[in-house]
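*Asks:* Dumping the structure here so I can ask a few things about it.
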Amino acid sequence: MKDIIVRNYETDKEEILSDLDKNSFTRKISKNESYELSFSVTLTKRNQQAFELVSHESSIFYDGQEFIIKQMSVNATGQSITKDVTAPHIYSTMQDGRQYNTVTGKRSVKQLLDHIFKAGKRGFSYEIVDLDKKFVTVEQENFGDDNYLKLVQEIVEDYDADMLVDNKHLIFYPAGDYGSKIEEPIRYKYNTDDVKFDIDTLNLKTQIKGFGKKDDEDEYMFTPITYTSPESDKWGIRIQDPVEDDRYTVPGNMKKRLEKDLHDYPDISGTVSLKFQSDIHIFDWVPFIYEPLGVNTYIQVVGITDYPMLPNKPPEITLSNTKKTMTSILVDLIKKGVV
């Protein structure tokens, strides 16, 4: 079991934290969205000094990464005092910085990152790994005037990127480019008996309209574009809220945006509970074989919840919910009459 270190906000006191509730110690990571620890710890004679350091804004160090306590409740029952803690990864503290200035025009990922952190790096660094030159420049309009975290999330969305974090170091890859291809499969009756697919069509739409920039005379620089998905042949015309974005001055770029934004597929998510521990990591690609549903495909892991203090409790895996991956699985399920 790796040590869990707690350091106070002032950074002048640090202790190994012991006597945690092993069942409560949970680590959750979700692709491009969240990364956090949660646990409960009760005051004992052995952990008294460390227990006092467990407070809002204190740091928790685990497995080479730093987390910051942002939520904590204190419960007392008789002589027993317990703290329930949620500590997001330190990368989330980007929200404490702000870039007030804005930029307009075609920009690369690097140019936007440079712009964000020009206001002050706050200890953060970043790199871009794009061996096949998949990242393109995107027309931006008034990018900025927000906190660092929201601006970075905007980059991830606009440029279809995946972001890895190593403490305050951010690494950006084109979506799907990072992750090892694992040979050991997630397979029915081998390491899982339980797979769940949630499917809904609540947000399914087949048509969308895009409005670009206006000139000085308040006229659109190109005729608003309507994009209709081929899926309309199956689902009929279902109109999505329009895109109104002054960043676009070229109709071709707007069409690409509409094709990307149109939600012309059912929302599908897949989760798997493994039967034993695994070396699977976030972003890895694993063979997913589930004979009762007729599924046999490589699929990316986009979320993991694990229990590091319970070696016999396996992780819960969230499978890729991308349009391409999950739609192909849905087609197979429909063909087999499962859904």
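*Asks:* Only residues in region 156-174 that are without any contact (Cβ under 8 Å) to a residue 24 or more places away in the chain count as the first member; pair them with residues that are assigned to a strand (DSSP E or B), Cβ under 6 angstrom, at least 6 apart or cross-chain, and list the lot.
*Replies:* Between residues of region 156-174 that are without any contact (Cβ under 8 Å) to a residue 24 or more places away in the chain and residues that are assigned to a strand (DSSP E or B), the close pairs are ASP158/VAL138.
*Asks:* When residues of region 133-155 are filtered for being closer than 11 Å to GLY97 by Cβ, charged (D, E, K, R) and in a strand (DSSP E or B), how many remain? Write out each step before concluding.
*Replies:* So in region 133-155, the residues closer than 11 Å to GLY97 by Cβ come out as 146-152.
Checking the rest, the ones that are also charged (D, E, K, R) come to 146, 150.
In the following step, the residues that additionally are in a strand (DSSP E or B) were identified as 146.
Qualifying residue count, region 133-155: 1.
*Asks:* Select from region 214-263 the residues that are closer than 27 Å to THR104 by Cα, part of a helix (DSSP H, G or I) and not small (Gly, Ala, Ser) and list them in ascending order.
*Replies:* Correct list: PRO251, ASN253, MET254, LYS255, LYS256, ARG257, LEU258, GLU259, LYS260, ASP261.
*Asks:* Could you say whether any residue in region 24-36 is in a loop (DSSP other than H, G, I, E, B), among the small types (Gly, Ala, Ser) and within 29 Å of GLN95 (Cα to Cα)? Lay out the reasoning, then the answer.
*Replies:* The first filter runs over region 24-36 and keeps only residues in a loop (DSSP other than H, G, I, E, B), leaving 24-25, 31-33.
Retained after the next criterion (residues that are among the small types (Gly, Ala, Ser)): 24.
Subsequent filtering for residues that are within 29 Å of GLN95 (Cα to Cα) retains 24.
Taking every residue of region 24-36 in turn, at least one turns out to be in a loop (DSSP other than H, G, I, E, B), among the small types (Gly, Ala, Ser) and within 29 Å of GLN95 (Cα to Cα).
*Asks:* Going through HIS56, HIS115, HIS89 one at a time, which residue ends up being at pLDDT 95 or above, out of contact with any helix residue (DSSP H, G or I) (no Cβ under 8 Å at 6 or more places or on another chain) and under 30 Å from ASN253 (Cα atoms)?
*Replies:* Working: HIS56 fails: under 30 Å from ASN253 (Cα atoms); HIS89 fails: under 30 Å from ASN253 (Cα atoms).
Step by step, each of HIS56, HIS115, HIS89 is checked, and only HIS115 is at pLDDT 95 or above, out of contact with any helix residue (DSSP H, G or I) (no Cβ under 8 Å at 6 or more places or on another chain) and under 30 Å from ASN253 (Cα atoms).
*Asks:* Given the criterion over 30 Å from SER38 (Cβ atoms), modelled with pLDDT of 70 or more and within 25 Å of the chain's Cα centre (by Cα), identify the matching residue among VAL286, VAL243, VAL250, VAL301. Please lay out each step first, then the result.
*Replies:* Details: VAL286 fails: over 30 Å from SER38 (Cβ atoms); VAL250 fails: within 25 Å of the chain's Cα centre (by Cα); VAL301 fails: over 30 Å from SER38 (Cβ atoms).
On inspection, the qualifying residue turns out to be VAL243.
*Asks:* Please go through region 37-83 and give me each residue that is outside any strand (DSSP E or B) and buried (at least 16 other Cβ atoms within 10 Å of the Cβ), ordered by number. Walk me through it before giving the result.
*Replies:* Step one: of region 37-83, the residues outside any strand (DSSP E or B) are 43-58, 63-64, 69-70, 78-79.
Within region 37-83, LEU43, ASN47, ALA50, PHE51, LEU53, VAL54, SER58, ILE69 meet the criteria.
*Asks:* Confirm whether LYS168 is closer than 21 Å to HIS281 by Cα and basic (Lys, Arg).
*Replies:* Values: closer than 21 Å to HIS281 by Cα: yes; basic (Lys, Arg): yes.
Here the answer is yes, as LYS168 does meet what is asked.
*Asks:* Looking for something modelled with pLDDT of 80 or more, closer than 27 Å to SER34 by Cα and loosely packed, with under 14 Cβ neighbours inside 10 Å - is there at least one such residue anywhere in region 318-336?
*Replies:* no
*Asks:* Further question: Give ASP96, ASP162, ASP146 a once-over and let me know the one that is crowded, with 18+ Cβ neighbours inside 10 Å, at negative phi and in contact with a Lys or Arg (Cβ under 8 Å, 6 or more places away or on another chain).
*Replies:* On the way: ASP96 fails: crowded, with 18+ Cβ neighbours inside 10 Å; ASP146 fails: crowded, with 18+ Cβ neighbours inside 10 Å.
Going through ASP96, ASP162, ASP146 in turn, just one is crowded, with 18+ Cβ neighbours inside 10 Å, at negative phi and in contact with a Lys or Arg (Cβ under 8 Å, 6 or more places away or on another chain): ASP162.
The values are calculated or read from the model by the stated rules, or taken from the named source; none is laboratory data. Treat the numbers as computed from the prediction; the structure is a model and nothing was measured. Note: ideal-geometry Cβ built from the backbone for every residue, glycine included; neighbour counts use all protein chains shown.
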